Amino acid sequence: MRRQLLAIAALSAAVALGTATSAVAAEPVWQETGTAYVDSLGGGQGLASRADGSLLHRGPASIPLDLRLKGWNHIGDPDIAEDHVFDAYQGADSATSKMFAVTTPDGKRYEYVHQLDAGEKVNNSFAAVSPDGQWLVSGEWGDQDRLQVFPAPLLNPATPRTGGDLPQAPQITLDRPVRDVQGCDFVTDTRLLCASDDGSKELFPEDRPLLQVDLTHRLDGTPVTGHVTSLFALPQRSACSGTYEAEGVDYDTTTGTLRVEVVPPGVCKIATTVYSYQQR
């Protein structure tokens with residue numbers, strides 16, 4: 001009887017181990033499924049998917065004249081939530097604020113200005129809205145150990161209804177530094193995918209890596225930690241040689257399609273490559 005019990009215990013342990021191993025092995029990976037191209041002036045900074053499956057693109061030519069005259073000379077990777085378009089703007093290196101513009105489904109635009117906090121960089125690289133529509137994530141340039149969090153303008157009831165001041169909420173503290181993050185998008189309530197323009201291989205072994213940030217809990221206005229993993233190097237394919245630039249990221253929740261933009265070097269930079277992925 002003792003031998004039978006030992007055998008059953010060993011078999012149970014083997015089954016449990018096999019199940020655990022299978023669970024790890026079953027983790028889906030991103031497989032490239034296609035490429036497309038967009039004019040860099042109109043779409044080389046970022047993109048976002050609409051509910052109908054079409055894509056919104058942003059580039060230097062996307063900045064409205066009235067905003068450019070106010071000093072907002074750079075637009076980042078956008079996002080769309082509840083049919084509202086969120087754009088990230090920054091000004092000159094000497095600026096003391098950054099701005100998020102929200103365009104409603106009926107075309108009204110509201111400006112939310114954030115005055116820089118102590119130690120905060122002027123960069124406003126992207127806008128990524130949490131799946132519940134309540135929080136806006138953005139990031140700065142250079143080496144960073146955080147992602148910034150704000151109440152989502154207009155959608156979060158804590159924000160003014162027609163634009164105004166936008167203070168920071170408790171941040172996402174990263175468990176390892178990242179560099180030159182150009183765009184992020186939520187895949188789930190607790191996972192973001194981000195494109196890094198870091199080609200040094202100093203922080204991660206990949207050249208211009210796609211990073212995965214797993215949060216310890218969904219955003220709720222309290223501090224949260226993000227676990228950073230490098231998934232793979234973004235493609236660098238072009239007829240031209242030189243330095244590439246990783247840009248915007250979009251995840252289409254309807255189709256499960258991930259898209260990442262890479263600007264090629266030299267004269268080829270007039271057209272930005274959009275790489276598509278699906279989980280397999």
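Counting Lys and Arg as +1 and Asp and Glu as -1 over every other residue whose Cβ lies under 10 Å from the Cβ of PRO105, the net charge comes to -2. Apolar share of the accessible surface for region 127-232: 51 percent from carbon plus sulfur atoms, 1.4 Å probe. For region 123-280, the direction-averaged projected area of the alpha-carbon convex hull comes to 10.2 nm².
Give me the net charge for the shell around ALA128: Cβ to Cβ below 9 angstrom, other residues only, Lys and Arg +1, Asp and Glu -1. Residues near ALA128 contribute -3 overall.
Proximity of backbone amide H atoms, modeled 1.01 Å from N, is registered between THR225 and THR173, THR216, HIS217 at under 5 Å, excluding neighbours fewer than 5 places apart on the same chain. Legend: P(r) of region 125-206 from all alpha carbon pair distances, 10 Å bins from 0, whole percents, reading 17, 47, 27, 7, 1. Entry comment: accessible area of region 175-280 is 40 Å² per residue, from protein heavy atoms only and a probe of 1.4 Å. All other residues with a Cβ under 11 Å from the Cβ of ALA61 taken together, and with Lys, Arg as +1 and Asp, Glu as -1, what is their net charge? Result for the local shell: +1.
In the chain, a dipole from Cβ-located charges (positive for Lys and Arg, negative for Asp and Glu) runs towards its positive end, and of ASN123, SER94, VAL187 it is VAL187 whose Cα lies farthest in that direction. Does the chain come out rounded, prolate or oblate by the C-alpha gyration tensor, with a ≥ b ≥ c the root eigenvalues, rounded set by a/c under 1.5 and, if not, prolate when a/b is larger than b/c and oblate if not? It is prolate, given that a/c is not under 1.5 and a/b is the larger ratio.
The values are calculated or read from the model by the stated rules, or taken from the named source; none is laboratory data. Given the structure is predicted, the values throughout are model-derived calculations rather than measurements. When we count neighbours, we look across all protein chains shown, and the Cβ atoms used for this are built from the backbone with ideal geometry, even at glycine. Areas reflect the complete protein model, heavy atoms only, side chains present, ligands, DNA and RNA absent. Shrake-Rupley method; radii C 1.70, N 1.55, O 1.52, S 1.80 Å.
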